[in-house]
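Engineer: Pasting a structure here, questions to come.
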Amino acid sequence: MAHTLGLTQPANIELPKISFAAKEIDVAEWKGDLLAVGVTEKDMTKDENSKFQNPILKKLDGLLGSLLAEASFEEDFTGKAGQSLVHRLPGLGSKRVGLFGLGQSASSPAAFHGLGEAVAAAAKTAQASSAAVILASSECPSVMSKGNTAAAIVSGTVLGLYEDNRYKSESKKPQLKSLDILGLGTGPEIEKKIKYAEVVSCAIIFGRELVNSPANVLTPAALAAEASKIASLYSDVLSANILTEEQCRELKMGSYLGVAAASANPPHFIHLCYKPPSGPVKTKLALVGKGLTFDSGGYNIKTGPGSSIETMKVDMGGSAAVFGAAKALGQIKPSGVEVHFIVASCENMISGKGMRPGDIVTASNGKTIEVNNTDAEGRLTLADALVYACNQGVEKIVDLATLTGACVVALGPSIAGVFTPNDDLAKELFQASEASGEKLWRMPLEESYWESMKSGVADMVNTGGRQGGAINAALFLKQFVDEKVKWMHIDMAGPVLNDKKHVATGFGISTLVEWVLKNSSS
């Protein structure tokens, strides 16, 4: 990435390479640094002699001279979700044995993803170079295959090991080099699932790095360069078209250019296109991401506690999800589907040539917008991006944006709001999110609220009243989507960032990839 301020250059840190393998060997015969056993609360049941009843735990405890049962009792380990117990115990080929709680029952990708993360954390602490994971109860829940269970564990491990140290002067590399998954079967199908999990996890890391990068490094030009790099890496299926400010002016993108006007960093309208390597295209899709590399609020500047101006580098989280998905799909190469990845990238800054409250801008579909708040800028950039997407002849559009604080108030920090007038599209996305483990919640598109978005001097204003802010924003975007196109808006302002760790989550990437694959003929 180029830099523009502060002499900051991110270090070029290679991702740790971990060898994953599915194996069917006796748990007692595995040799390595850390043997991790995923257990439910039911698995921890003991008989009247304080002996495990679960066959795997019973076997391990027998080889360990009952030390495992004793340790679990002394440390009150009951298998609750998030609990872990790791000890260096003699008697096995593994240096350490760990029990990792899965809760009452492990029935979702999120539970096994969490197991992978917990194993990664334990491996870091123990400086383990080799680890194995086995489930005490090998029967997978009905909603998940063994392959999907293994994939969730792999994804959790990769993302759990990863730390974004590019902007730190010193950093430690994780030691883990191999992870064996025991008891979930072997063969091409599970290997394919594991490989898929690795590809998507690396794409999520790429998305996280984009969002984590500060605005003095990740300018609109730098974001466009990163997108072009993806197209170059997978040039057999991806192509890039970066529109200049003048080209956007020719396309009459007045709404987008109004937001960009105040910045010294020029806007870059980014369009990647995926086409399958062979065979006919049956479905055309578009993924549109909000790409504000920094949002000051403009003349309605973000001020005071809660304005979060210091975190506004994350306002391009939607574009990170879109380009992360592009990176994964460039490797997976699904057939039968064409995908357009579209981002109108810019900064929302303040200067003498900037957009003022009360100005009227004209979008590329001819609709006029009275800007009553320059801090409701994301929807202005998305307006022209959505018109452009419809002009590509797509059948379905999903846009993702860190759009409103109102959605965070409604759904909290972990759940994204979904808005769509189309029930079939909603069903597709929710099926994809079930597979990814990401949390979505469908919100109403209450048409009567549009009354608050009407202007006396233009077709519309860009913000309504305080009530129903996320719904009003979605209704605004709807004005720029062709009625023949199935459309969904995802407000991801909450889950874009992990508030506890103050780092990006890579939210949306896994769900988008799953959705595209559901629309493909692969």
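The values are calculated or read from the model by the stated rules, or taken from the named source; none is laboratory data. Since the model is a prediction, treat every value here as computed from it, not as a measurement. Here Cβ is always computed from backbone atoms with ideal geometry, including for glycine, and neighbour counts include all displayed protein chains. Note: areas computed on protein heavy atoms with side chains; ligands, DNA, RNA excluded. Shrake-Rupley method; radii C 1.70, N 1.55, O 1.52, S 1.80 Å.
Engineer: In Å and from the alpha-carbon atoms only, list the Rg and Dmax of the range 97-167.
Structural biologist: 12.7, 43
Engineer: Next question. Which of the trypsin sites (Lys or Arg not before Pro) across the range 315-379 are loop residues per DSSP, with 13 or fewer other Cβ within 10 Å?
Structural biologist: When the trypsin sites (Lys or Arg not before Pro) of the range 315-379 are filtered for loop state and at most 13 Cβ neighbours within 10 Å, 353 remain.
Engineer: Straight-line reach from residue 42: which lysines have Cα under 18 Å away, leaving out those fewer than 8 places along the same chain?
Structural biologist: Partners found: 51, 58, 59, 80.
Engineer: If you line up the Cα atoms of the range 39-157 on their principal axes, what length do they span on each, largest first, in Å?
Structural biologist: In descending order, the Cα extents are 35, 33, 22 Å.
Engineer: Could you grab the relative contact order for the range 202-519? Cα pairs under 8 Å, six or more apart, rounded to a whole percent.
Structural biologist: Reported relative contact order: 23 percent.
Engineer: So, one more: In the chain, what % of DSSP beta bridges are antiparallel (nearest 5)?
Structural biologist: 35
Engineer: Under a crude label model (7 Å from the Cα following the beta-carbon direction), how far is residue 442 from residue 76 in nanometres?
Structural biologist: It is 4.3 nm.
Engineer: Averaging sequence separations of C-alpha pairs under 8 Å and six or more residues apart, then dividing by the length of the range 453-522, give the relative contact order as a whole percent.
Structural biologist: Relative contact order here is 15 percent.
Engineer: Once whole DSSP H runs in the chain are found, which of them have Cα atoms spread over 15 Å or more along the helix axis and a mean Kyte-Doolittle score of at least 0.5?
Structural biologist: What comes out of the filter, once short or polar helices are dropped, is 109-126, 146-161, 220-233, 317-332, 378-390.
Engineer: Within 10 Å of each candidate Cβ there may be at most 12 other Cβ atoms; applying that plus a DSSP loop requirement, which trypsin sites (Lys or Arg not before Pro) in the range 168-207 survive?
Structural biologist: 168, 172
Engineer: Right, here's the next one. Could you tell me whether the range 272-419 comes out rounded, prolate or oblate from its Cα gyration tensor? Rule is a ≥ b ≥ c as square roots of the eigenvalues, rounded for a/c under 1.5, then prolate if a/b exceeds b/c, otherwise oblate.
Structural biologist: prolate
Engineer: How far is it, in nm, from the label point at residue 281 to the one at residue 308 when both lie 7 Å from their Cα along the line to the Cβ?
Structural biologist: Computed distance between label sites residue 281 and residue 308 equals 3.5 nm.
Engineer: Just report the Cα centroid separation between the range 100-174 and the range 428-500, whole Å.
Structural biologist: Here the answer is 33 Å between Cα centres.
Engineer: Could you report the accessible area of residue 88 in Å², rounded to 10, computed with a 1.4 Å probe on the protein chains as they sit in the structure?
Structural biologist: 150
Engineer: DSSP beta bridges in the range 1-149, what fraction antiparallel, as a percent rounded to 5?
Structural biologist: Roughly 30 percent of the beta bridges in the range 1-149 run antiparallel, per DSSP.
Engineer: Pull out the extension gain between residue 301 and residue 392, defined as 0.36 nm times the separation in residues minus the alpha carbon to alpha carbon distance; nm, one decimal.
Structural biologist: So the chain would gain 29.3 nm between residue 301 and residue 392.
Engineer: In addition: Any chance you could look up the accessible area of residue 310 with a 1.4 Å probe, heavy atoms only, rounded to 10 Å²?
Structural biologist: Residue 310 has an accessible surface of roughly 140 Å² with all protein chains in place.
Engineer: Dividing the alpha-carbon Rg of the chain by 2.2 N^0.38 Å yields what?
Structural biologist: 1.04
Engineer: Would you mind computing, in nm to one decimal, how far apart the modelled labels at residue 424 and residue 483 are, each placed 7 Å from Cα along Cα→Cβ?
Structural biologist: Taking the two extended label points, one gets 1.8 nm.
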